[in-house]
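Have a look at the structure below, then the notes.
The values are calculated or read from the model by the stated rules, or taken from the named source; none is laboratory data. Because the structure is predicted, anything quoted here is derived from the model rather than measured. Note that we place each Cβ from the backbone using ideal geometry, even for glycine, and neighbour counts take in every protein chain shown.
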Amino acid sequence: MTGDLIFILLALLTLVPAVWVVMSRNLVHAGFGLLFTLFGAAGLYAYMGADFIAVAQLMVYIGGVLVLVLFTVMMTHVPRSHGNHGYDRYVPASVFALLTFGVLYKTITSVNWSASTSPAEPTIARIGAQIMTDFIFPFEYVSLVLLAAMIGAALLTREERPAGPANAAKDTEVAP
């Protein structure tokens, strides 16, 4: 019974803010709704025993992507449109949502959901051991690709100064 209550609370923590994201007209409010939705999804992953995916959800999506989106939205001026929005934009979205829910319902009802009686075992130690033994070459290759991307981003954002005697003096100065 307690497990069902935890699942229902985590599902509500995921679904209610998701509806808030869709219905909100303010981008900052939608971003904060997305924050709670992603927290709920991470909680569901942890509840199902996928601790690595839950931590990755927190670190990547909430810690990186969502913070970037919120800072971008808050730092840019997004004009508000006060025009008349008709219901014609809701019709295609509603049809798509109904089709998606129909496919999900068919999939959920056609699968034999046999419950496992054994508790889920942690996955982080196993994933870490496999990365450092079986998948060491792809792990190191990805680290080199990310390093190249960081160097490229630093070079692209570097400010170019025109060559001249005024800038040459600034380059030779030593800060105290």
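Assorted remarks:
- Every condition in (1) modelled with pLDDT under 90; (2) within 30 Å of ALA129 (Cα to Cα); (3) surrounded by 16 or more Cβ atoms within 10 Å (Cβ to Cβ) is met by GLY31 except one, and the failing one is (2).
- Residue in region 151-167 that is modelled with the lowest pLDDT, counting only those that are surrounded by 10 or more Cβ atoms within 10 Å (Cβ to Cβ) and assigned to a helix (DSSP H, G or I): ASN167
- Some residue of region 58-67 being more than 30 Å from GLU121 (Cβ to Cβ) and either modelled with pLDDT under 85 or exposed (fewer than 12 other Cβ atoms within 10 Å of the Cβ) (or both): yes
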